[in-house]
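These notes are about the structure you will find just below.
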């Protein structure tokens, strides 16, 4: 048996929960917490000795998420309201999508965004049009 494998066998019981694909939500949450701590530790230092561990854990988490975590698409109007707030804008400031009455109807879910409005908002906020679909 090669020396590296012998070392791994010795430490495996202590690290198996960190270095294996999560198969439960509890294990997944534990790994996400560990990854968060690693990110805090590593920061922006791409040469940090823990970067390979961080990448490995990130890949293991990603593997679990692909099969088990369904991310709901956000409501386009909530996205619009968020972007307006972040940019300090009011209804009067987004005339690209129509009159203040039209904007009000859209923000109150009484009217849906059309393609022209979606393109205009994507351009204004410099985001993908898909966030409004």
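Taking the stated definitions as given, is residue 86 exposed (fewer than 10 other Cβ atoms within 10 Å of the Cβ), under 20 Å from residue 73 (Cβ atoms) and either out of contact with any helix residue (DSSP H, G or I) (no Cβ under 8 Å at 6 or more places or on another chain) or modelled with pLDDT under 95 (or both)? For residue 86, the condition - exposed (fewer than 10 other Cβ atoms within 10 Å of the Cβ), under 20 Å from residue 73 (Cβ atoms) and either out of contact with any helix residue (DSSP H, G or I) (no Cβ under 8 Å at 6 or more places or on another chain) or modelled with pLDDT under 95 (or both) - is met. Within the range 54-64, the residues that satisfy the criterion of being touching a helix residue (DSSP H, G or I) at 6+ places or on another chain (Cβ under 9 Å) and without any contact (Cβ under 8 Å) to a residue 24 or more places away in the chain are 54, 58. Among the residues of the range 106-116, none qualifies, meaning not one is in contact with a helix residue (DSSP H, G or I) (Cβ under 6 Å, 6 or more places away or on another chain), surrounded by 14 or more Cβ atoms within 10 Å (Cβ to Cβ), within 30 Å of residue 26 (Cβ to Cβ) and at pLDDT below 95. Scanning the range 28-72 for residues that are part of a loop (DSSP other than H, G, I, E, B) and exposed (fewer than 10 other Cβ atoms within 10 Å of the Cβ) gives 43, 44, 46, 47, 49, 70, 71, 72.
The values are calculated or read from the model by the stated rules, or taken from the named source; none is laboratory data. Bear in mind that the values here come from a model prediction, so they are computed numbers and not experimental data. Quick reminder, even Gly has a Cβ in these numbers, built from the backbone with ideal geometry, and neighbours come from all protein chains shown.
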